[in-house]
Amino acid sequence: MKVLLEELKKKREALKLGGGLSKIKKHKEKGKLTAWERIFYLLDVDAPYLEIGMFAGEGMYMEDGGCPNGGAACVMGYVKGRLCVVVSNDATVKAGAWFPISGKKNLRAQEVAMENRLPIIYLVDSAGVYLPMQEDIFPDKEHFGRIFRNNARMSSMGIPQIAAIMGSCVAGGAYLPIMSDYAFIVEGTGSVFLAGPYLVKSSIGEDVDAETLGGASTHSEISGVTDNKYPNDEACLDAIKNVMDKMGHETKAGFDRKATVLPQFPSEKIHEILPLDRTKPYDFHPIIESIVDNGTFEPYKKDYGKTIICGLARIDGWAVGIVANQREMVKAKKPGGKPELQMGGVIYSDSADKAARFIMNCNQQKIPLVFFQDVTGFMVGSRSEQGGIIKDGAKMVNAMANSVVPKFTFIVGNSYGAGNYAMCGKAYDPRLIYAWPTAQMAVMSGNAAGNTLLQIQEAALKAKGVEINPETKKELLDKILAQYNQQLSPYYAAARLWVDGVIDPAETRNIISMGIEAANHAPITERYNVGVIQT
């Protein structure tokens, strides 16, 4: 675990460098702060913050020079004591150009703001869409244009939006700051226009410089497109702080909170308990006691459906409902008194039934849900199928998918197949979803997938009359496993925003606390209704 955490630390430090030291030097020579310097200048000193979408783009687009951190830094943090979302374009990465993953990350930031009704601040410094990949970022429903649709939707919802034009802001991207409630601009470096000087020249034959076309004076004194101009980044960010300081407060959702109590075990206990071998059993209870406030965990049906642990607790004072996979082998009593040995990390009919009922209880009682995934899937085989595992699993998915209370998901270890779905994977709208360095996410485990894919390839070769010897077979399997195991990595998932990032398990408490505080800004207006439940 120490090795994994050291790797995580190094990767995070590299992200702060964006496009690299030489690009940062050129950026600062223009009198501009970096994307992260802008964020830290804006955020309240010594207040916690949470990065969203870290590792987006990692290892992707390498033939185009890469797009570290998706070309933008995104955090949830406090500005003048107000919790908000901040998105800061990183102009050291391809001049802040939008790759497909950049669009996905910005949409994720807006989603967090919309779900939790949080103010959102855009620190704009971008050359616009990365043209060589325009077909993957421009025309579709979840592409670039969705961002402006969200600007309009947030405005109609009454969610505050503040934009600072601190560098380039061109073409369609010009709509983002101007559709915000406030649009500020920095003199000398900020510019905003639908078409730059070169395009204007080629389109209508007009010779005009960037400053006259769309600089700070033009838009603050003549067009009225921006509200005010500022001499430098710091003055512009100070203006944002002054606006945030005056905002009123909305009605809260009413999630319960009491004084915080430290957990029974320190977070380092998690490092000791969690085995790096994904097939090894372990007891999840001590991990829960390393995260929840000491003495607050109240188990639900602890002697029934034991491969899923359910219970109420408090985390940093907030009331939560916990749904976690138990990785120990357990004994389950069956009709007639004969016990059945159940494998840890597997969802059986009784555990699915129990989890569904618990999830429904939490929704009735307005208690946020926290899922801890270390799941290999649902139990298979004739006995399980005849026992109705599919309908019991469907009941759990139904209860979870229709939840109206906020959900938070942490991928601790395995996250395979339908187990990912039932335990609130990304497709089921968790407010936040993070992976621990020990996480693995795929439709099935590496060994299972490798052998299945090998059998398919072997059958295809035999159909062509080609027989393979044991040595060739091993080489083929090793090649398949190497590729598949790369895709199991939590960083592979984080690069594609299947999760919001990879974290040290010790950070879990803070993420849940900030997540519920954010969710508390959005009152629940929808009635909990599961529809047809399979019984």
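Going by the conditions given, is A394 at pLDDT 95 or above and open to solvent by less than 50 Å² (accessible area, probe 1.4 Å)?
Considered against the rule, which asks whether it is at pLDDT 95 or above and open to solvent by less than 50 Å² (accessible area, probe 1.4 Å), A394 comes out as no.
Restrict the check to region 516-535 and report whether at least one residue is more than 25 Å from P119 (Cβ to Cβ), in contact (Cβ under 8 Å) with a residue 12 or more places away in the chain, open to solvent by less than 50 Å² (accessible area, probe 1.4 Å) and touching a Lys or Arg at 6+ places or on another chain (Cβ under 7 Å). Checked against the condition, which is being more than 25 Å from P119 (Cβ to Cβ), in contact (Cβ under 8 Å) with a residue 12 or more places away in the chain, open to solvent by less than 50 Å² (accessible area, probe 1.4 Å) and touching a Lys or Arg at 6+ places or on another chain (Cβ under 7 Å), region 516-535 yields at least one hit. Consider region 343-386 and keep the residues that are assigned to a loop (DSSP other than H, G, I, E, B) and farther than 13 Å from S403 by Cα. The one that is most open to solvent (accessible area, probe 1.4 Å) is V380. Counted as qualifying within region 394-503 are the helices (runs of 4 or more DSSP H) with 1 or more residues that are closer than 30 Å to K2 by Cβ, over 19 Å from the mean Cα position of the chain (by Cα) and without any contact (Cβ under 8 Å) to a residue 24 or more places away in the chain, namely 446-463, 470-488. The combined condition, being surrounded by fewer than 19 Cβ atoms within 10 Å (Cβ to Cβ), touching a helix residue (DSSP H, G or I) at 6+ places or on another chain (Cβ under 8 Å), at pLDDT 95 or above and over 22 Å from R509 (Cα atoms), is fulfilled by A401.
Could you list, in sequence order, all residues of region 98-111 that are crowded, with 22+ Cβ neighbours inside 10 Å, of a type in the set (A, V, I, L, M) and within 19 Å of M179 (Cβ to Cβ)?
So in region 98-111, the residues crowded, with 22+ Cβ neighbours inside 10 Å come out as 98-103, 105-106, 109-110.
Narrowing the set further to residues that are of a type in the set (A, V, I, L, M) leaves 101, 109.
Selection gives A109 alone.
What residue, of E135, E142, is out of contact with any Cys (no Cβ under 9 Å at 6 or more places or on another chain), open to solvent by 50 Å² or more (accessible area, probe 1.4 Å) and without any contact (Cβ under 8 Å) to a residue 12 or more places away in the chain?
E135
Modelled with pLDDT of 80 or more and closer than 30 Å to F358 by Cα: is that true of P470 in this structure?
Numbers: modelled with pLDDT of 80 or more: yes; closer than 30 Å to F358 by Cα: no.
Against the criterion (modelled with pLDDT of 80 or more and closer than 30 Å to F358 by Cα), P470 does not qualify.
Taken over region 13-68, residues that are open to solvent by 20 Å² or more (accessible area, probe 1.4 Å), in a helix (DSSP H, G or I) and β-branched (V, I, T) amount to 1.
Of all residues in region 173-202, which are at pLDDT 90 or above, over 29 Å from the mean Cα position of the chain (by Cα) and on the phi < 0 side of the Ramachandran plot? Matches in region 173-202: I185, V186, E187, T189, G190, S191, V192. Scanning region 414-458 for residues that are over 23 Å from P281 (Cβ atoms) and of a type in the set (S, T, N, Q) turns up T452, Q455, Q457.
Within region 326-342, the set of residues being without any contact (Cβ under 8 Å) to a residue 60 or more places away in the chain, in contact with a Lys or Arg (Cβ under 9 Å, 6 or more places away or on another chain) and not in a strand (DSSP E or B) comprises Q326, E328.
The values are calculated or read from the model by the stated rules, or taken from the named source; none is laboratory data. Note that the structure is a prediction, hence the values are computed from the model and not measured. With ideal geometry, Cβ positions are generated from the backbone for all residues, glycine too; neighbour counts draw on all protein chains shown. Areas reflect the complete protein model, heavy atoms only, side chains present, ligands, DNA and RNA absent. Shrake-Rupley method; radii C 1.70, N 1.55, O 1.52, S 1.80 Å.
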